[in-house]
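All remarks here apply to the structure that follows.
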Amino acid sequence: MTVHYDQIDDYVTGRLAGAELIAFEKALSTDAELKSAVDNHPAALLIIDSLIEEEARKAIATAAQQKNNIQKENTSSLSHSPSAVRRIMPWVAAASTIGAVILWSLGLYQHQQMESQILATYAPDIKISTEKGGTQTSTKDSIIHFYQTHRHHAAVTRIDQIIDNDLKMEDRYLYERLRMYALFYDGNYEEAAKQAEQITAMVPEDIEIKYYALLLSGQKAKAQRVLRDINATRAAQIRHFLE
Amino acid sequence: MPEMTIDAQKLLDRIRAGEKERSAVITQLVNDRILKEKIESYIKKNQGDTNDGTTIFHDAIVTLVKTAFNKKDYVISSHPHAYLLGVAKNLWMNELRKRAKRETSPIEYADQETSEEDGLALTMKGDRSRIISAVLGQIARNCKEVLMLWAGGYQMREIAEKLNYNSEGMARKKKSNCMKELYKYLDNNPHIVERIRPI
């Protein structure tokens with residue numbers, strides 16, 4: 001009867017019996033290699049039992065390292081970015097928080113209202129020259145009005161009139177953001193995608209815009225992942241807000 | 001990062017599915033900020049610090065992975081967050097007990113010998129972990145997969161299915177060859193066997 005190395009575990013754990021046991025013990029008395037394998041079996045089992053833990057710990061270390069790297073990159077890019085980008089962060093936070101609370105509690109329709117409210121609250125009124133040579137001081141109000149009355153195309157046109165002016169970056173960001181939503185609600189998805197990508201390049205931290213950038217460029221899986229981030233962020237922000 | 005949106009059963013299934021899925025689950029859990037905060041907050045309220053919180057957070061994930069992998073029929077009925085928080089609490093209680101023992105033993109002269117033994121055991125344990133880790137580095141990747149599944153109680157038929165072997169016999173042969181390799185390695189390195197002997 002041939003003795004197999006597969007039988008070692010059965011032998012050590014007492015599951016080998018009858019003719020198989022007799023044959024195994026006979027082989028054990030003459031086969032030095034088999035005897036060594038039997039002697040080393042407990043150590044081998046200990047090592048094998050550690051495989052899953054070792055794999056899990058490696059995966060954790062890798063994931064934690066990646067997380068740290070991303071955090072460092074974010075910190076680094078922010079600290080080395082132009083001062084205008086640093087200034088924009090409170091606006092991003094404000095937009096996200098207000099957006100989160102309204103969007104969470106009231107739904108999509110209010111999302112449109114929310115964007116215009118952010119603009120109304122935080123953006124300055126931009127004076128532009130009219131064709132007749134005068135100035136129009138209520139540009140912001142008109143944009144908000146167009147937007148709230150679902151005249152999104154008109155809102156985009158009016159934003160375009162002012163967006164190339166020498167705006168401060170934080171102000172420009174708010175108008176660019178509203179422009180993206182206006183294009184989106186106007187059904188101009190191609191332009192909305194470009195607009196979202198442009199804002200994402202400017203403010204990568206704005207994950208809501210990033211979601212639209214991915215969604216509109218057909219990257220649905222990535223967009224879904226970002227959406228999950230948004231939901232988690234919103235949940236955390238709302239909890240923080242309620243506390 | 002997102003709060004966990006998948007249910008507990010899917011989580012267990014993914015851990016059992018293979019290394020790639022397992023790694024993805026682990027990454028998701030490590031990046032689960034809300035879960036991390038829950039566990040760290042509990043540890044901090046119970047005599048621990050942030051480092052303890054992170055260690056226990058990671059240990060809880062390891063425990064989940066090991067349990068899911070080694071117990072094929074294991075079921076989690078609660079939300080994964082609740083489950084992992086429970087695991088973390090148990091781990092932390094054990095850790096606190098160990099620490100209390102280490103802190104009180106040196107003063108009690110009657111227990112001094114025991115304390116020294118504990119210290120030695122801890123050193124040996126750390127040493128053993130490093131040695132085991134080094135040995136694991138010597139095992140080929142495909143061998144690791146076969147041996148892990150075998151150690152996890154999977155039948156050869158299941159191993160063949162999971163690792164896409166043509167037959168159960170092929171999986172058996174692979175496992176046998178991998179075991180031989182391991183025996184051979186240990187035979188050539190008797191000092192390792194001595195160092196990793198169970199304490």
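The values are calculated or read from the model by the stated rules, or taken from the named source; none is laboratory data. All values derive from a computational prediction rather than experimental measurement. Neighbour counts are summed over all protein chains in view; Cβ atoms, including those assigned to glycine, are modelled from backbone coordinates with ideal geometry.
Tabulated values for the structure
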item	result
One residue from A:37, A:32, A:61 being closer than 29 Å to residue B:60 by Cα, within 13 Å of another protein chain (Cβ to nearest Cβ) and modelled with pLDDT of 85 or more	A:61
Residues being within 9 Å of chain A (Cβ to nearest Cβ) and surrounded by 17 or more Cβ atoms within 10 Å (Cβ to Cβ) - total across the range B:158-177	2
The range B:53-80 residues that are in contact (Cβ under 8 Å) with a residue 12 or more places away in the chain and more than 13 Å from every other protein chain (Cβ to nearest Cβ), paired with ones that are surrounded by fewer than 21 Cβ atoms within 10 Å (Cβ to Cβ) and aromatic (Phe, Trp, Tyr) (beta carbon under 7 Å, 6 or more apart)	B:76/B:83
Residue in the range B:106-127 that is out of contact with any Cys (no Cβ under 6 Å at 6 or more places or on another chain), modelled with pLDDT under 60, outside any helix (DSSP H, G or I) and hydroxyl-bearing (Ser, Thr, Tyr) present	no
Single condition residue B:94 does not satisfy, out of (1) modelled with pLDDT of 90 or more; (2) under 19 Å from residue A:45 (Cβ atoms)	(2)
Residue B:57 vs. criteria modelled with pLDDT under 90, under 21 Å from residue B:15 (Cα atoms) and part of a helix (DSSP H, G or I)	no
Entirely in the range A:131-219, the helices (runs of 4 or more DSSP H) that have 3 or more residues that are out of contact with any Cys (no Cβ under 7 Å at 6 or more places or on another chain), farther than 16 Å from residue A:116 by Cβ and at pLDDT 80 or above	A:189-202, A:207-216
Total residues in the range B:34-79, condition under 11 Å from the mean Cα position of the chain (by Cα) and aliphatic (A, V, I, L, M)	6
Filter result for residue A:12 (at pLDDT below 65, at negative phi and away from every other protein chain (no Cβ under 11 Å))	no
Single unsatisfied condition, residue B:155 versus (1) crowded, with 19+ Cβ neighbours inside 10 Å; (2) within 21 Å of residue A:13 (Cα to Cα); (3) more than 9 Å from chain A (Cβ to nearest Cβ)	(1)
